[in-house]
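Here is the structure we will look at.
The values are calculated or read from the model by the stated rules, or taken from the named source; none is laboratory data. Everything quoted here is computed from the prediction, not taken from an experiment. Here Cβ is always computed from backbone atoms with ideal geometry, including for glycine, and neighbour counts include all displayed protein chains.
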Amino acid sequence: MRIVFLAPFGIRPKGTVIARMLPLAVQLQALGHEVVIVAPPYTNPEDSGKTEMVRGVRLVNVALPNAGKALSALPLAWRMFRAALTEKPDLIHLFKPKGYGGLAAMLMILLQRCGLRMTPLFFDSDDWEGKGGMNDLHSYSSAEKRLFAFQEQWLSRHAAGMTVASRELQRLTAGLGVAAEKILYLPNCVEDVPPGNCLRIRQKLAIEAETPTVLLYTRFFEFSQERLHWALAGIHERIPDVRFLVVGKGRHEEEELLLTASEQMGFAESLIMAGWVEPVEIPDYLAAADVAIYPLDNTLVNRAKCPAKLTEIIRAGVPVVADAVGQALEYIDPEHSEILCDPDDRQGMVDRTVELLQDRVRGQGLGTAGRRYLLENFSWRQFAERLVGFYLKTYRI
């Protein structure tokens, strides 16, 4: 099959294309299919109009219009529409329903409903965009929020088939009236790559080999900041020589809140703020930790999202103390569910983390078992095979 993936934004610096679309495209090509990614590179405008090869997959960055955001919407959607059809694909798979790609996809469906022969369109959802979802976390205008919510529901009902990244999205999509046979559960998966270089980062950050180190790899919006501060203070109180390695960047100056709280609550000397890290370096940073924490408030956003960062940590062989919310329940081996916490039980995350820091042999065993479980049950190759079967079963191509 010849397949076009419609990207929601450019390949840099955001993670959806790198973390979800690209490894899936690589595995589809390994199965004998051809995949082209068509992207609107407004996040990396320096690549406007360029075509490049990324891990053997052709990436077409459509040319950006020379206009403001609102005036560019329709021209950019039209360019994505034309670029996709120029490839003469057997099918088109849209990733995320909103924005320019969503408009291009809607045009395809409308033309088909008008009687024109069009390429089958599939749609992928890795977040809930509407009420209670990602719309509430962004500073979109009210018009944009209404449009994105409408696109999500309209495309769900009219696409040839849907892939969803979480069990909660599977449930929500079925609630929109989409038949079960038109929905494929397609979580974020992993490729089998070796863990990073622990010693390099520990030396770079002046963390001694025996110093207990807790990782927080995050974008900060998934949890209450006050709860995070309380947990770190609680861990520090019981293990004073601990180091907290924080990797990632917040949206609303959460780092400043954390720094202030660390001064007020007495763990400032334990805090190491790495900030945004180049993707190539992330495996080394993850490997530097003895334990990772992954707090998740029990919200619709968190139940629906599919945390790629969590899969990266588990693949690194690091034991993760996570809240039992959404996809965390899928990624953590049920035989080791003792490291899952009730998000309403603050003390639970502190206790589980301290226990693993005090028993590193057990922690290493859990990390190894967690990595093995993830690779056996959530590999991109096995889900790429399922996706091909879904394409063929859902729509005769």
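Per the conditions (1) on the phi > 0 side of the Ramachandran plot; (2) within 24 Å of the chain's Cα centre (by Cα), the sole criterion not satisfied by GLY49 is (2). Take LEU172 and decide whether it is surrounded by fewer than 16 Cβ atoms within 10 Å (Cβ to Cβ), modelled with pLDDT of 90 or more, in the same structural domain as LEU59 (by TED's automatic domain parsing) and of a type outside the set (Lys, Arg). When the stated conditions are applied, LEU172 does not pass them. Restricted to the range 316-325, and to residues there that are in contact with a strand residue (DSSP E or B) (Cβ under 8 Å, 6 or more places away or on another chain) and buried (at least 24 other Cβ atoms within 10 Å of the Cβ), the residue that is nearest to ALA287 (Cα to Cα) is VAL318. Residues that are more than 14 Å from VAL246 (Cβ to Cβ) and part of a helix (DSSP H, G or I) within the range 196-232 comprise CYS198, LEU199, ARG200, ARG202, GLN203, LYS204, GLU226, ARG227, TRP230, listed in sequence order. State all residues of the range 50-78 that are out of contact with any Leu (no Cβ under 8 Å at 6 or more places or on another chain) and free of Cβ contacts under 8 Å to residues at least 24 places away in the same chain; if no residue qualifies, say none. Listed by number, the residues that qualify are LYS50, ARG58, ALA63, ASN66, ALA67, GLY68, LYS69, ALA70, LEU71, PRO75. Selection over the range 66-84 of residues that are in contact with a Ser or Thr (Cβ under 9 Å, 6 or more places away or on another chain) and surrounded by fewer than 16 Cβ atoms within 10 Å (Cβ to Cβ) gives a count of 1. For the range 1-48: of the residues being under 16 Å from VAL60 (Cβ atoms) and charged (D, E, K, R), which is surrounded by the fewest Cβ atoms within 10 Å (Cβ to Cβ)? Checked the range 1-48; the qualifying residue surrounded by the fewest Cβ atoms within 10 Å (Cβ to Cβ) is GLU46.
Checking the condition out of contact with any Lys or Arg (no Cβ under 8 Å at 6 or more places or on another chain), in contact (Cβ under 8 Å) with a residue 40 or more places away in the chain and small (Gly, Ala, Ser), which residue from GLY348, GLY370 passes? Break it down stepwise before answering.
Working: GLY348 fails: in contact (Cβ under 8 Å) with a residue 40 or more places away in the chain.
Answer to the selection: GLY370.
Search the range 186-204 for residues being among the aliphatic types (A, V, I, L, M) and within 10 Å of ARG315 (Cβ to Cβ), and hand back the single one that is nearest to the chain's Cα centre (by Cα). Explain how you work it out, then say what you get.
Applying the first criterion (among the aliphatic types (A, V, I, L, M)) to the range 186-204 yields 186, 190, 193, 199, 201.
Still in the running and within 10 Å of ARG315 (Cβ to Cβ): 190, 193.
Working: VAL190: 12, VAL193: 18 Å.
Per the stated criteria, the residue is VAL190.
GLY177 fulfils the conditions (1) over 21 Å from ASP136 (Cα atoms); (2) not in a loop (DSSP other than H, G, I, E, B) except for a single criterion, (2). Of all the listed residues (LEU329, LEU387, LEU310), the sole one being crowded, with 22+ Cβ neighbours inside 10 Å, among the hydrophobic types (A, V, I, L, M, F, W, C) and either over 30 Å from HIS33 (Cα atoms) or over 17 Å from the mean Cα position of the chain (by Cα) (or both) is LEU387. Out of curiosity, is LEU184 outside any helix (DSSP H, G or I), among the hydrophobic types (A, V, I, L, M, F, W, C) and within 30 Å of ARG113 (Cβ to Cβ)? For LEU184, the condition - outside any helix (DSSP H, G or I), among the hydrophobic types (A, V, I, L, M, F, W, C) and within 30 Å of ARG113 (Cβ to Cβ) - is met. ALA104 meets all of the listed conditions (1) without any contact (Cβ under 8 Å) to a residue 60 or more places away in the chain; (2) part of a helix (DSSP H, G or I); (3) under 21 Å from PRO89 (Cα atoms) but one, namely (1). May I ask you to verify whether VAL38 is modelled with pLDDT of 95 or more and either among the basic types (Lys, Arg) or more than 22 Å from the chain's Cα centre (by Cα) (or both)? So VAL38 fails the test.
Okay, residues lined up against (1) basic (Lys, Arg); (2) assigned to a helix (DSSP H, G or I); (3) over 28 Å from PHE95 (Cβ atoms); (4) at pLDDT 95 or above:
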{"residue": "ASP297", "(1), (2), (3), (4)": "no, no, no, yes"}
{"residue": "CYS306", "(1), (2), (3), (4)": "no, no, no, no"}
{"residue": "LEU310", "(1), (2), (3), (4)": "no, yes, no, yes"}
{"residue": "ILE314", "(1), (2), (3), (4)": "no, yes, no, yes"}
{"residue": "VAL325", "(1), (2), (3), (4)": "no, no, no, yes"}
{"residue": "GLU335", "(1), (2), (3), (4)": "no, yes, yes, no"}
{"residue": "GLU338", "(1), (2), (3), (4)": "no, yes, yes, no"}
{"residue": "VAL350", "(1), (2), (3), (4)": "no, yes, yes, yes"}
{"residue": "LEU356", "(1), (2), (3), (4)": "no, yes, yes, yes"}
